[in-house]
Amino acid sequence: MDLELRPGTPQDYDEILRLDSLAFGEHFTQQDAADAFDGIPPTFTVATVAGQLVGVTGHYDFTMTVPGGALPVPGVTWVSVSPLHRRRGVLRALMDRQVRDFAAAGVPAAILTASEGGIYGRFGYGPASSTRRTVIDRRLTKLAQSGQKAGGEVRVLTAEQARPVLPELHRRWREQVPGALNRNESWWDHLFLDREQHRGGLSAKFYLAHPEGYLSYRVKDNWNDGIPALLCRITDYVIGSDEAHAALWQVLLGMDLFQTIESEQIPVDDPLPFLVDDFRQVRTTAVNDGLWVRPVDAAATLAARTYPVEIEAVIEVADPLLGDQRLALTGGPDGASCQPTDRPAQVSFGLAGLGSAYLGGHRLHTLARAGALRCDDPRLLTRLALAFSTDRAPFHGTSF
Ligand SMILES: CC(C)(COP(=O)(O)OP(=O)(O)OC[C@H]1O[C@@H](n2cnc3c(N)ncnc32)[C@H](O)[C@@H]1OP(=O)(O)O)[C@@H](O)C(=O)NCCC(=O)NCCS
């Protein structure tokens, strides 16, 4: 197989769409193509055999919140290989080329979300955050202590009213949450297209906004022979304060005709179970990997975040593609620096292990037990575990 790799161009869009339609089992339309490629065009790398496109990867440019700051990160997307050319190394060739391109461009780290959990660890991406699906039987659940009147400061917005209001609420929210991704104006326009064929048979989005956050949801009607049992599915969950959290949930839990409230993605540390009168009613039906992180320039990545306790350690990072590194990290609540060093390593990370540790979504002791990092000094490991921890669980909040 004579594989060639090159940057994708707009002339490749039709073929890319055909490839991804087949790979993901979706009949993408020309409208989908225009929405995706004109609205929020990814940067593509394509693989060809005898001039025919057999594989693709792409990325969007995001800014990701990290503790104490933000990191520019490419978000890998539109990955697929023709079913006629699978398991012959096409994806590996694309992934290697893409990461080398990222390194040449000075990118500190790359991120992605995965269709399947078994694909990307081998390419140095580590699962760094988790998403949680929840189901609530609304009729059995209410806020335990609710001093507020229903509604309070919550407003119901139409899509037209929501479009100018939500970006600022989202910006203020994302600055608080490690792993949260920015949305540029084109991204917001894309989200508000809300095309009927992508609603999964549910309604257009409804919007509930508070001065410090919002949520959007869809509804599926079910009149259930006179015992209404409508389904509410939360689609965007952007809640920037405890007051907003309580107020928005109070309104949602007061929707008499809803039986079930589902969240596609909710942070694993969301306080809702502690706010309702029955902890168990916030049923978690799945916890999955969310964001995957691949350090590209490990020193720049480590220096970009703050650490809640002072930490000094020599860290070895194994990177089979770009080369192993030994780095001296000095960090604390006010900032960090990280440089190459010849001093002996005190802790060794596999590349994916460092990605998993970076946003504070996984305990270092857990990663050590799985062999994703090695540290022979238990006191240093405990100190590192504290240093990498974050006040909030990482949550990316934007599908891509
Ligand atoms: C996933 C996909 C891109 C893999 O492409 P491919 O060209 O067959 O992959 P490669 O031959 O380069 O495989 C590279 C390695 O990944 C492994 N791998 C590939 N697909 C895998 C999968 N779905 N699950 C687990 N491992 C997988 C291969 O076994 C190989 O392992 P090795 O390093 O031990 O040799 C392709 O199967 C596909 O298009 N799937 C449907 C769309 C999709 O899910 N895309 C990913 C979106 S996030």
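Tabulated values for the structure
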| item | result |
| --- | --- |
| Which of 241, 82, 186, 263 has the fewest Cβ neighbours within 10 Å, and the rest in rising order | 186, 241, 82, 263 |
| Expected-Rg normalisation [2.2 N^0.38 Å, Cα atoms] applied to segment 94-189 | 1.60 |
| Spatial separation of Cα centroids for segment 234-304 and segment 368-400, in angstrom | 21 |
| When the convex hull of its Cα atoms is projected in every direction, mean area for segment 206-306 (nm²) | 8.9 |
| Scattering curve values for segment 1-141, log₁₀ I(q)/I(0), Debye with Cα scatterers, q = 0.10, 0.11, 0.21 Å⁻¹ | -0.40, -0.47, -1.41 |
| nm² value of the averaged projected area, convex hull over the Cα atoms of segment 5-57 | 3.5 |
| Among 193-201, 300-308, the order from most to least packed when residues are scored by Cβ within 10 Å on average | 300-308, 193-201 |
| Charge dipole of the chain about the Cα centre (unit charges at C-beta), most positive-ward option of 325, 370, 85 | 370 |
| Largest-first principal axis extents of the Cα set of segment 293-388 (Å) | 32, 27, 26 |
| Two-decimal Rg/Rh across segment 131-289, once Rg and the Kirkwood Rh are taken from alpha-carbon atoms | 0.94 |
| Structure-based [θ]222 nm, the chain - -39500 (n - 2.57) summed over DSSP H runs of at least 4, per residue, nearest 500 | -7000 deg cm²/dmol |
| With 10 Å bins from 0: P(r) over segment 25-88, alpha-carbon pairs, percent | 18, 37, 31, 12, 3 |
| Projected area averaged over orientations for the chain, convex hull of C-alpha atoms, nm² | 21.7 |
| Most to least packed among 264-271, 23-30, 112-119 [average Cβ atoms within 10 Å] | 264-271, 112-119, 23-30 |
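Read-outs: derived from the displayed coordinates by stated rules, not from any lab. Please read these numbers as outputs of a predicted model, since none were measured by experiment. Reconstructed Cβ throughout: ideal geometry from the backbone, glycine too, with neighbour counts over all protein chains shown.
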